[in-house]
């Protein structure tokens, strides 16, 4: 089931004295922040992002509608920014949002059940799928050479795990 909202970042600290905040983005598209309507926390108010610019360490500086003091920005520390999934841009064919993949049943190309995609780890090189099921926890690189197919309608993903990546499997296989 598709969630109504998806998190796009977390406020980590205030920035300056005018109410700006430092945000740790959880999106591959932070350049789309300006003008976007976000919810601060699941129960928080909807606000428009008035300005957004990259900052050091992968953080972004945001100016939010209705936040005009350091004290107001400090009160937002730890808040998650949520956007409505209905407002997310359509991705090109073969590309998926993480929330679309979490929960998919994962099978190998030869039909072995690996379980369900439980989480996606973001790494420097490529994402890593964490699949939990009958073999325990299986880590698979999120690469085109590994992901044979994704069928969102069927709730399934077919993978070709690299040799040695499944428990009890010999790397020479």
Practice task
Please indicate, with yes or no, whether at least one residue in the range 15-28 is in contact (Cβ under 8 Å) with a residue 60 or more places away in the chain and either in the same structural domain as residue 130 (by TED's automatic domain parsing) or farther than 30 Å from residue 131 by Cβ (or both).
Solution key: no
Exercise for the section: Find the residue count for the range 9-56, including only residues that are in contact with a helix residue (DSSP H, G or I) (Cβ under 8 Å, 6 or more places away or on another chain) and closer than 19 Å to residue 96 by Cβ. Expected result: 1
Fill in the blank from the handout: Exactly one of 9, 16 is under 30 Å from residue 153 (Cα atoms) and either touching a strand residue (DSSP E or B) at 6+ places or on another chain (Cβ under 7 Å) or surrounded by fewer than 14 Cβ atoms within 10 Å (Cβ to Cβ) (or both), and that one is 9
Exercise for the section: May I ask you to say which residue of 139, 114, 121 is under 16 Å from residue 167 (Cα atoms), touching a strand residue (DSSP E or B) at 6+ places or on another chain (Cβ under 9 Å) and surrounded by fewer than 15 Cβ atoms within 10 Å (Cβ to Cβ)? Expected result: 139
Handout entry: Filtered residues of the range 25-40 (kept if surrounded by 17 or more Cβ atoms within 10 Å (Cβ to Cβ) and more than 14 Å from residue 82 (Cβ to Cβ))
Key = 30
Problem - Residues of the range 67-80 satisfying the condition of being under 14 Å from residue 20 (Cβ atoms) and either in contact with a helix residue (DSSP H, G or I) (Cβ under 8 Å, 6 or more places away or on another chain) or not in a loop (DSSP other than H, G, I, E, B) (or both) - result: 67, 70, 71, 72, 73, 74
Exercise for the section: Could you tell me which numbered condition residue 147 fails, if it satisfies all but one of (1) in contact (Cβ under 8 Å) with a residue 24 or more places away in the chain; (2) surrounded by 15 or more Cβ atoms within 10 Å (Cβ to Cβ); (3) under 14 Å from residue 104 (Cβ atoms)? Expected result: (1)
Practice task
May I ask you to list the residues in the range 124-135 that are more than 22 Å from the chain's Cα centre (by Cα) and surrounded by 11 or more Cβ atoms within 10 Å (Cβ to Cβ)?
Solution key: 135
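The values are calculated or read from the model by the stated rules, or taken from the named source; none is laboratory data. Predicted, not measured: the structure shown is a model, and the values here were computed from it. As a convention, Cβ positions derive from the backbone with ideal geometry for all residues, glycine included, and neighbour counts pool all protein chains shown.
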